[in-house]
Amino acid sequence: HNGDQPVNTDSGVCGADVSVSASATDNCTVGTPTGVRSDGLALDALYPVGVTTIAWDVTDANGNDATQVVQTITVTDNEIP
């Protein structure tokens, strides 16, 4: 995955657009990692102020599940009123 990300809110918005992705390698063919947000929203939905985690999973061509990786997105509101 592209790592834990501390980000600030987008200007004028109470949240942040964050681009997340993951990749996996294996000695055999591996599938595309899938991520599930802790708030149940789509990966490309606005991330709210606070902490949102993403649980990434992937399976190889032989049905072996990788160890789940958790990515943490922390959005801080630093905009002055």
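The values are calculated or read from the model by the stated rules, or taken from the named source; none is laboratory data. These figures come from a predicted structure and were not determined experimentally. So basically every Cβ, Gly included, is an ideal-geometry build from the backbone, and we count neighbours across all protein chains shown. Areas reflect the complete protein model, heavy atoms only, side chains present, ligands, DNA and RNA absent. Shrake-Rupley method; radii C 1.70, N 1.55, O 1.52, S 1.80 Å.
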- May I ask for the net charge around T53, where only other residues with Cβ less than 14 Å from the Cβ of T53 are counted and Lys, Arg are +1 while Asp, Glu are -1? -2
- Once amide H atoms are built 1.01 Å from N in the peptide plane, which residues 5 or more positions from Q5, or in another chain, come under 5 Å H to H? T72, I73, T74
- Query: About its Cα centre, how strong a charge dipole does the chain have in debye, to the nearest 20, once Lys and Arg get +1 and Asp and Glu get -1 at the Cβ?
  - Reply: 60 debye
- Message: I want the antiparallel fraction of DSSP beta bridges within the chain, as a percent rounded to 5.
- Response: 80 percent
- Residue among T59, T67, T34 with the largest mean-square fluctuation in a Gaussian network model of the chain, springs linking Cα atoms under 10 Å: T67
- Query: So how far apart, in nm, are the two label points at L43 and E79 if each is 7 Å from Cα heading toward Cβ?
  - Reply: 2.6 nm
- A correct Karplus calculation of ³J(HN,Hα) over the range 31-39, with 6.51 cos²θ - 1.76 cosθ + 1.60, θ = phi - 60°, whole Hz and x for Gly and Pro, returns x, 8, x, 10, x, 10, 6, 5, 9
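Expressed in nm to one decimal, what extension gain is obtained for the pair V7 and V69 from 0.36 nm per residue of sequence separation less their Cα-Cα distance?
20.3 nm
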- Task: Pairs of Cα atoms under 8 Å, at least six residues apart: use those to get the relative contact order of the chain, whole percent.
- Result: 37 percent
- Shape call, the chain: gyration tensor on alpha carbons, a/c limit 1.5: prolate
- Just how far, in whole angstrom, is the range 15-41 from the range 48-81 if you go by their alpha carbon centroids? 8 Å
- Task: Just reorder D10, D65, D77 by solvent-accessible area, largest first, 1.4 Å probe, all chains present.
- Result: D65, D77, D10
